[in-house]
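K.L.:
First the structure, which I've put down as structure tokens, then a few questions once you've had a look.
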Amino acid sequence: MRYVYSTSRHVGRAFAWWLSLCLTLAFCAGCRRSEESNRNEAPELIVGAGTDVAVSGAFQARLGVYPLNVNVAEPLVRLSPDYKVEPSLATSWEYRGQNTWRFFLRRGVRFHNGQEFTARAVEWSIEQYAKGNVGYSFLTEESVKIVDDYTVDITPSKPNIPLPQQLVHPNYSIFASDTDPAVKPIGTGAFQMIEYRPNERIVVMRHESYWGEKARLPRITFRFIPDATTRVLALQAGEVDLIVDLPREQAAQIAAQPNLTVARSPVGLIMSLQLNIHGAEPHTLLTERLLRQALGYAIDRQTLIQKVWEGEGSEAQNMTAPAILGVYAAQVKGFAFNQNKAAELLEASGWSVGADGIREKNERKLQLIFLANPDIDAGTVEFIQAQLKQVGIDAKWNKLPDVGSYAARQNDGEFDINLSISNQNDANPLFLPALIYYSKSSRPFTRWYYVGEKFDRLIEIGLQSSNPDDVQRIAAESIHVAIDEEAALIPIAGLFRLYAHKRTVEGFVPHPSSTNQSWSQIFLK
């Protein structure tokens, strides 16, 4: 009897467990149906993004703003796809003389927390940027003067007339006063952040009280998927709707699939070899100009573009997007592929071919430590290594695991050549020259790259010019000095930023500056 009782008890428990399981499954199924119903009523876009750079803070990363801009915050002015300055939180602006710009602010705008947008928020935000030593615009904690609630004067600490062209950069976005943008950015953008999980995802939802044209999607999730191949697989499996930075070698394969398509931005990215020309021992070889020039002639860019990248690039030899220089872009010549010329330059500088094919001088091998942005594919790095080896240069790739370690190594000067990708992110033609190669830039790695006094003088003349045509001309001239005269950097090519998405995604228009990408007009059909 005891055994029967025990069995009955266990049967009763089993039945109760089974009933509970059925109810739970039914409830979950209902939840799924409800969730699917909600998604049908309020579709969500899932974006496969790259690395969560905000975790490391490398290169002045800012959560949800730069380099991944999820449209939660806005600057005073915005960058159009043709590199023009357009109104945003400022409706107009005027130069007042004495290095001062006056901005007239948009009325009736509120932050996501309900706080009113006024001049105080502009003053507070720029104070934070000044404390963080952001950019090259020479803004300090005293740069903003409040004229009234909707008018501010902004005066950089050094001559900088193209200031409005620089303020389009997302790093100059305005946040609600006395908040912490590093934890939860509270801006005025078309979307507001509702969730952030480091290295996992950012989730935003439509800001229903947005002052401008409301976003078409109610919700977007940006999933961090650092590995490019994994992003492609996630798209093919239907786990995401759109991916950023599609590998160039996979573009044709993706475009051939009936349910997927490839989107290309205009050339806004420039790939180049940035050279440590002021390095400390042992990184002192590139003080030799002839050696630097030899690097430029050694690389077959046409083969790189056509064979390695399958045509997904442009032979734009420049420091910045040629479009922003206008007619003056032609002043920058770059380097034609000529390995014989490269060999002649190396011989002239005393580098003779050794028994192993690597050149040497004074019993020192011509070995260069080679860094590469982690977003650059291995095939590109290996192609350039092979090209340099053909002329007797041994470029040893120091492959780093993430952008944080890459930035630290670059800042410390522990390299000779750095394969970098630069994006023209504002409307100022002087942006990249001044940011990276001008001796007075606040960027820590500038001390390894700065070109020289002639270059610096041109940058300073350009920063004091109020004529846009003159700024273009001077920028082109400064880049000509850096590339053609000094070989302080070796341009490789211009890049189209590639995206891939399902054909159900409509309204996505790639911006040449990915950090100024708008997500508000995308919808799902």
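K.L.:
Among the listed residues Gly268, Gly238, identify the single one that is modelled with pLDDT under 95 and either touching a Ser or Thr at 6+ places or on another chain (Cβ under 6 Å) or not β-branched (Val, Ile, Thr) (or both).
P.N.:
Exactly one residue qualifies, and that residue is Gly268.
K.L.:
Further question: Quick one: is Asn160 surrounded by 20 or more Cβ atoms within 10 Å (Cβ to Cβ) and in contact (Cβ under 8 Å) with a residue 24 or more places away in the chain?
P.N.:
yes
K.L.:
If you take the residues in the stretch 178-197 that are of a type in the set (S, T, N, Q) and at pLDDT 95 or above, which one is surrounded by the most Cβ atoms within 10 Å (Cβ to Cβ)?
P.N.:
Selected residue: Thr188.
K.L.:
Right, another one. Residues Ile194, Ile146: which one is farther than 30 Å from Arg457 by Cβ, under 24 Å from the mean Cα position of the chain (by Cα) and outside any loop (DSSP other than H, G, I, E, B)?
P.N.:
One residue alone meets the criteria, Ile194.
K.L.:
Listed residues Pro159, Pro164; which is in the same structural domain as Val109 (by TED's automatic domain parsing), farther than 28 Å from Arg216 by Cα and part of a helix (DSSP H, G or I)?
P.N.:
Criteria check complete, one pass: Pro164.
K.L.:
Take the stretch 318-364 and flag every residue that is basic (Lys, Arg), crowded, with 16+ Cβ neighbours inside 10 Å and more than 22 Å from Arg301 (Cβ to Cβ).
P.N.:
Scanning the stretch 318-364 gives Arg359, Lys361.
K.L.:
Would you point out the residue of the stretch 64-93, among those that are in contact with a Phe, Trp or Tyr (Cβ under 7 Å, 6 or more places away or on another chain) and farther than 17 Å from Gly212 by Cα, that is surrounded by the fewest Cβ atoms within 10 Å (Cβ to Cβ)?
P.N.:
Trp93
K.L.:
Follow-up question, since we're still on this one. Going by the structure shown, is Gln257 in contact with a helix residue (DSSP H, G or I) (Cβ under 8 Å, 6 or more places away or on another chain), surrounded by fewer than 19 Cβ atoms within 10 Å (Cβ to Cβ) and either over 30 Å from Ile369 (Cα atoms) or at pLDDT 95 or above (or both)?
P.N.:
When the stated conditions are applied, Gln257 passes them.
K.L.:
Also, quick follow-up: Tell me which residues, restricted to the stretch 94-139, are charged (D, E, K, R) and either buried (at least 16 other Cβ atoms within 10 Å of the Cβ) or more than 29 Å from the chain's Cα centre (by Cα) (or both).
P.N.:
Glu94, Arg96, Arg102, Arg106, Arg107, Glu116, Arg120, Glu123, Glu127
K.L.:
Determine which single condition Asp227 fails, assuming it passes every other condition in (1) surrounded by fewer than 18 Cβ atoms within 10 Å (Cβ to Cβ); (2) within 23 Å of Gln302 (Cα to Cα).
P.N.:
(2)
Every residue, every condition in (1) polar (S, T, N, Q); (2) in a helix (DSSP H, G or I); (3) touching a Ser or Thr at 6+ places or on another chain (Cβ under 8 Å), yes or no:
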{"position": "Phe415", "(1), (2), (3)": "no, no, no"}
{"position": "Ser442", "(1), (2), (3)": "yes, no, no"}
{"position": "Trp448", "(1), (2), (3)": "no, yes, no"}
{"position": "Asp456", "(1), (2), (3)": "no, yes, yes"}
{"position": "Ser466", "(1), (2), (3)": "yes, no, no"}
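K.L.:
Any chance you could count how many residues in the stretch 309-349 are over 17 Å from Leu432 (Cα atoms) and in a helix (DSSP H, G or I)?
P.N.:
So the count comes out to 12.
Residue-wise test of (1) without any contact (Cβ under 8 Å) to a residue 60 or more places away in the chain; (2) in contact with a Phe, Trp or Tyr (Cβ under 7 Å, 6 or more places away or on another chain).
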position	(1), (2)
Glu315	no, no
Phe335	no, yes
Lys341	yes, yes
Arg359	yes, yes
Asp377	no, no
Lys389	yes, no
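K.L.:
Restricted to the stretch 457-497, and to residues that are modelled with pLDDT of 95 or more and basic (Lys, Arg), which residue is nearest to Arg248 (Cα to Cα)?
P.N.:
Step by step, filter the stretch 457-497, then rank; the result is Arg473.
K.L.:
On the basis of being in contact (Cβ under 8 Å) with a residue 40 or more places away in the chain and out of contact with any Leu (no Cβ under 8 Å at 6 or more places or on another chain), does Val244 make the cut?
P.N.:
Answer is yes for this residue.
K.L.:
Looking at the stretch 116-134, which of its residues are acidic (Asp, Glu) and not in a helix (DSSP H, G or I)?
P.N.:
Glu116 - this is the single residue of the stretch 116-134 that is acidic (Asp, Glu) and not in a helix (DSSP H, G or I).
K.L.:
What residue, among those in the stretch 441-481 that are among the basic types (Lys, Arg) and under 22 Å from the mean Cα position of the chain (by Cα), is surrounded by the most Cβ atoms within 10 Å (Cβ to Cβ)?
P.N.:
That would be Arg443.
Residue-wise test of (1) assigned to a helix (DSSP H, G or I); (2) within 26 Å of the chain's Cα centre (by Cα).
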site: Leu246; (1), (2): no, yes
site: Ile254; (1), (2): yes, yes
site: Ile270; (1), (2): no, yes
site: Glu281; (1), (2): no, no
site: Arg292; (1), (2): yes, no
site: Gly296; (1), (2): yes, yes
site: Lys307; (1), (2): yes, yes
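The values are calculated or read from the model by the stated rules, or taken from the named source; none is laboratory data. Since the model is a prediction, treat every value here as computed from it, not as a measurement. As a convention, Cβ positions derive from the backbone with ideal geometry for all residues, glycine included, and neighbour counts pool all protein chains shown.
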